[in-house]
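See structure below.
The values are calculated or read from the model by the stated rules, or taken from the named source; none is laboratory data. Everything numeric in this text was worked out from a predicted model, so none of it was measured. With ideal geometry, Cβ positions are generated from the backbone for all residues, glycine too; neighbour counts draw on all protein chains shown. SASA here: full protein model, heavy atoms, side chains in, ligands and nucleic acids out. Shrake-Rupley method; radii C 1.70, N 1.55, O 1.52, S 1.80 Å.
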Number of protein chains: 2
Amino acid sequence: MSHGAAEPLMTWVDGELQSSVSILDRGLQYGDGVFETIACRRGCLRFVAQHVARLQQGCERLQIAFDAHRKLTAELERASRLAPPVAIIKVIVTRGDALPRGYGSVGRESPRRIVTMWPDAPLPESLRAQGAAVRFGQLRLARNPRLAGIKHLNRLEQVLARAEWHDAGTFESLLTDSEGHLVSGTMSNVFALKGQTLVTPPVDQCGVAGVLRAVVLREAAHFRLEPSIAPVSVQRLLNADAVFLTNARIGVLPVSRLGGRTIPIDARTRALAAHVEQLDA
Amino acid sequence: MSHGAAEPLMTWVDGELQSSVSILDRGLQYGDGVFETIACRRGCLRFVAQHVARLQQGCERLQIAFDAHRKLTAELERASRLAPPVAIIKVIVTRGDALPRGYGSVGRESPRRIVTMWPDAPLPESLRAQGAAVRFGQLRLARNPRLAGIKHLNRLEQVLARAEWHDAGTFESLLTDSEGHLVSGTMSNVFALKGQTLVTPPVDQCGVAGVLRAVVLREAAHFRLEPSIAPVSVQRLLNADAVFLTNARIGVLPVSRLGGRTIPIDARTRALAAHVEQLDA
């Protein structure tokens with residue numbers, strides 16, 4: 001599927017128009033930082049407070065002394081005013097430069113904000129209508145509770161998992177962890193609907209606690225659904241009334257093919273998708 | 001302990017004197033790359049062929065189409081001629097820029113070479129003589145055979161593990177994996193000597209297959225030692241005749257304190273250290 005145009009329209013480093021960064025940045029040296037991918041629609045940053053809060057939480061978990069979230073929010077708003085009607089704004093916060101060399105942090109680093117604004121294309125209506133084809137990935141996610149849930153910059157597992165398929169007809173790959181538990185897609189969270197229960201796997205050993213995942217869990221009650229964070233076996237997924245994916249760019253996207261099998265699309269998924277689409281906080 | 005001066009003396013990107021890199025580099029965006037830390041002594045790059053070979057293997061494992069190892073070797077040699085008598089040359093190879101945005105690689109990326117040259121200080125003679133104090137770390141390394149052994153850029157575990165202690169008297173922390181198996185230090189491999197057996201843990205689930213680790217395994221026979229890659233329990237480590245650490249900068253460094261206990265330094269460790277010190281390939 002298309003991710004819109006190939007080049008970012010504008011880029012900033014610490015609020016200045018800039019497209020390069022020191023090679024000593026610990027984000028490059030060690031993946032020592034966090035990021036957010038924010039959907040921008042007609043100048044509106046969707047769920048921006050939640051994204052910035054998660055960024056902040058990730059920094060706290062990694063002991064990155066990032067205290068510029070207000071400045072960052074202002075920069076994101078400025079970027080949103082310059083953005084085309086459908087855009088993605090990605091923000092990276094790193095711990096700053098590795099000086100001196102080495103894994104150890106001296107505690108005096110200045111965290112760095114890197115913001116890129118990308119033109120995006122709306123998800124094709126046919127994809128939203130017909131649902132996504134999803135495969136099961138082979139790569140097993142490693143379990144580390146210290147890194148789980150955070151949207152950190154150590155993303156080699158996602159890079160390798162995304163390299164497993166090339167056919168444009170497959171939208172996403174669902175991944176299990178090293179013990180065989182379903183976790184998420186390479187770039188999305190996954191939900192299963194069965195009766196009144198809406199379940200998504202825990203992300204306390206691996207995976208990312210998605211902003212849209214939290215929104216869906218919060219909004220489920222409006223549809224008389226009982227949200228649940230619980231293990232989801234592949235069998236349970238295949239036997240669900242419906243399965244859908246979430247992330248900032250796609251919102252709620254129904255799944256219609258799962259590992260070669262056809263999965264029904266539930267009316268409640270469509271209602272939830274439409275509901276989330278018109279929210280922005 | 002000191003890592004020498006805080007600033008690099010010279011830096012290159014793709015062979016050009018340069019100290020910054022595109023913010024779109026996949027090394028920064030995803031930790032999508034590999035690195036080597038090479039000791040340079042009086043203009044000699046120690047074990048440079050092994051370092052470049054491991055870099056190449058890492059790229060192959062990550063499907064990074066890096067074919068510039070001759071060019072890189074020439075650049076490293078040029079850097080070594082400009083280096084002070086005791087220096088570290090670090091090289092990073094990334095997959096190139098993330099264009100378009102997203103985990104997926106389009107296969108047309110140009111891998112990027114980033115070389116930094118740092119002044120270093122020799123390890124204090126007193127440390128070599130008296131041995132290093134080593135603790136046991138709390139962070140458990142995640143197991144992923146797809147990433148194990150490679151010196152890749154996803155190093156948040158090492159950053160977090162290095163943040164566990166601040167006293168300058170402790171040199172290194174030994175880490176176990178999520179199943180409790182001893183793996184390595186945060187920046188070194190570990191060996192235990194018992195009778196004629198010299199054992200180091202496998203790095204097929206996590207950890208890095210160190211260049212100096214391979215050198216020690218290769219050279220062990222010269223000291224009538226039987227090298228072995230096998231699980232090493234903490235108990236086995238504590239009951240060893242001797243324990244030592246290896247990496248490119250420290251060579252072979254005896255351990256004298258382990259989790260608060262005193263560990264003897266074996267004459268064979270000193271002989272091995274002296275032997276490795278005068279090798280360079």
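The angle separating the long axis of helix A:267-277 from the principal Cα axis of greatest extent in chain A is about 20 degrees.
In the range A:97-211, the DSSP beta bridges split such that about 50 percent are antiparallel, to the nearest 5. Sorting A:169-177, B:151-159 by their mean Cβ neighbour count within 10 Å, with the most densely packed peptide first, gives B:151-159, A:169-177.
Over all distinct Cα pairs, what is the inverse of the mean 1/r for chain A, reported as the Kirkwood hydrodynamic radius in Å?
The Cα-based Kirkwood calculation yields 19.5 Å.
Over the protein assembly as shown, DSSP H runs of length four or greater, each weighted -39,500 (n - 2.57), average out per residue to a 222 nm ellipticity of -7000 deg cm²/dmol.
So how far, in whole Å, is the C-alpha centre of the range A:66-81 from the one of the range A:33-63? Going from one Cα centre to the other spans 10 Å. Computed from Cα atoms alone, the Kirkwood hydrodynamic radius reported for the protein assembly as shown is 24.7 Å.
Take the range B:219-281 with all the other protein chains still there, run a 1.4 Å probe, and you get 46 Å² of accessible area per residue.
Residue by residue along A:145-155, Cβ atoms of other protein chains within 10 Å of the local Cβ number 5 on average. For the segment B:136-142, counting C-beta atoms of other chains within 10 Å of every residue's C-beta and taking the mean gives 4.
For the pair the range B:231-246 / the range B:153-214, the C-alpha centres are spaced 12 Å from each other.
State whether the range A:147-217 is rounded, prolate or oblate according to the following rule on the C-alpha gyration tensor (a ≥ b ≥ c being the square roots of its eigenvalues): a/c under 1.5 gives rounded; otherwise a/b larger than b/c gives prolate, and the remaining case gives oblate. It is oblate, given that a/c is not under 1.5 and a/b is not larger than b/c.
Near residue A:20, the amide H atoms lying under 5 Å from its own belong to B:23; only residues 5 or more places off or on other chains count, and H is placed 1.01 Å from N. Measuring between their Cα centroids, the range B:82-118 and the range B:8-24 lie 9 Å from each other. Each copy carries a label point for residue A:18 at 7 Å from Cα along the beta-carbon vector; from one copy to the others these points are 1.7 nm apart, nearest first.
When residue B:222 is represented by a point 7 angstrom out along its Cα-to-C-beta vector, the spacings to that point in the other copies are 7.2 nm, nearest first. Counting Cβ atoms of other protein chains within 10 Å of each residue's Cβ and taking the mean over peptide B:17-23 gives 6. Classify the range B:98-218 as rounded, prolate or oblate from the Cα gyration tensor: take a ≥ b ≥ c as the square roots of its eigenvalues, call it rounded if a/c is under 1.5, otherwise prolate when a/b beats b/c and oblate if not. In terms of gyration-tensor shape, prolate. Taking all C-alpha pairs of the range A:1-97, those more than 24 Å from each other amount to 21 percent.
Once you charge only the Cβ atoms, +1 for Lys and Arg and -1 for Asp and Glu, what is the size of the charge dipole of the range B:1-127 about its Cα centre, to the nearest 20 debye?
Rounded to the nearest 20 debye, it is 240 debye.
Ranked from largest, the principal axis spans of the Cα set of the range B:131-281 equal 37, 33, 26 Å. Normalised by the number of residues in the range A:160-279, the mean separation of alpha-carbon contacts (under 8 Å, six or more apart) gives a relative contact order of 22 percent. Ignoring ligands, DNA and RNA, what percent of the 1.4 Å accessible area of the range B:207-281 is carbon and sulfur? Ligands and nucleic acids excluded, carbon and sulfur give 55 percent. Taking every C-alpha pair closer than 8 Å and separated by at least 6 residues, the mean separation divided by the residue count of the range A:177-231 gives a relative contact order of 37 percent. Its relative contact order, with pairs defined as Cα atoms under 8 Å and 6+ residues apart, puts chain A at 19 percent. Using Cβ point charges alone (K and R +1, D and E -1), the dipole size of the protein assembly as shown about the Cα centre works out to roughly 340 debye. Interface A-B: total buried accessible area of about 5200 Å², 1.4 Å probe, protein heavy atoms only. In nanometers and ordered shortest first, the copy-to-copy spacing of the residue B:264 label point, defined 7 Å from Cα toward Cβ, is 7.4. Distant-in-sequence amide contacts of residue A:98, defined by a placed amide H-H separation under 5 Å and a gap of 5 or more residues or a different chain, comprise A:25, A:26. Computed with every protein chain present, the accessible area of residue B:10 is close to 50 Å² [probe 1.4 Å].
Considering only B:23, B:64, B:88, the mean-square fluctuation computed in a Gaussian network model of chain B, springs between alpha carbons under 10 angstrom, is largest for B:23. Remark on the range A:113-130: accessible area falls by at least 10 square angstrom from chain-alone to full-complex state for A:114, A:116, A:118, probe 1.4 angstrom. Pairs from the table (A:71/A:151; B:90/B:194; B:90/B:151) lying more than 23 angstrom apart at Cα are B:90/B:194. Its Cα gyration tensor gives the range B:29-163 an equivalent ellipsoid, and the semi-axes of that ellipsoid, as √(5λ) in whole Å with the largest first, are 28, 23, 12. Here the range A:43-122 has 53 percent of its accessible surface on carbon and sulfur atoms, given a 1.4 Å probe and all protein chains in place.
Protection proxy ranking, highest mean first, for peptides A:44-50, A:30-36: A:30-36, A:44-50, where packing is the per-residue count of other beta-carbon atoms within 10 Å, averaged.
What the phi angles of the range A:202-212 give under the Karplus curve with 6.51, -1.76 and 1.60, with θ = phi - 60°, is a coupling list of x, 10, 9, 10, 7, x, 10, 7, x, 5, 5 Hz, glycine and proline written as x. Per-residue 3J(HN,Hα) values for the range A:247-257, derived from phi via the Karplus relation 6.51 cos²θ - 1.76 cosθ + 1.60 with θ = phi - 60°, read 6, 4, 7, 8, x, 10, 10, x, 9, 10, 10 Hz in sequence order (x marks Gly and Pro). Ranking A:14, B:120 by solvent-accessible area of protein heavy atoms (1.4 Å probe, all protein chains present), from largest to smallest, gives A:14, B:120.
Residues whose amide H comes within less than 5 Å of that of residue B:197, counting only those at least five positions distant or on another chain, are B:226 (H built at 1.01 Å from N in the peptide plane).
Kirkwood analysis of the range A:58-106, using all unique Cα-Cα pairs, places the hydrodynamic radius at 13.1 Å.
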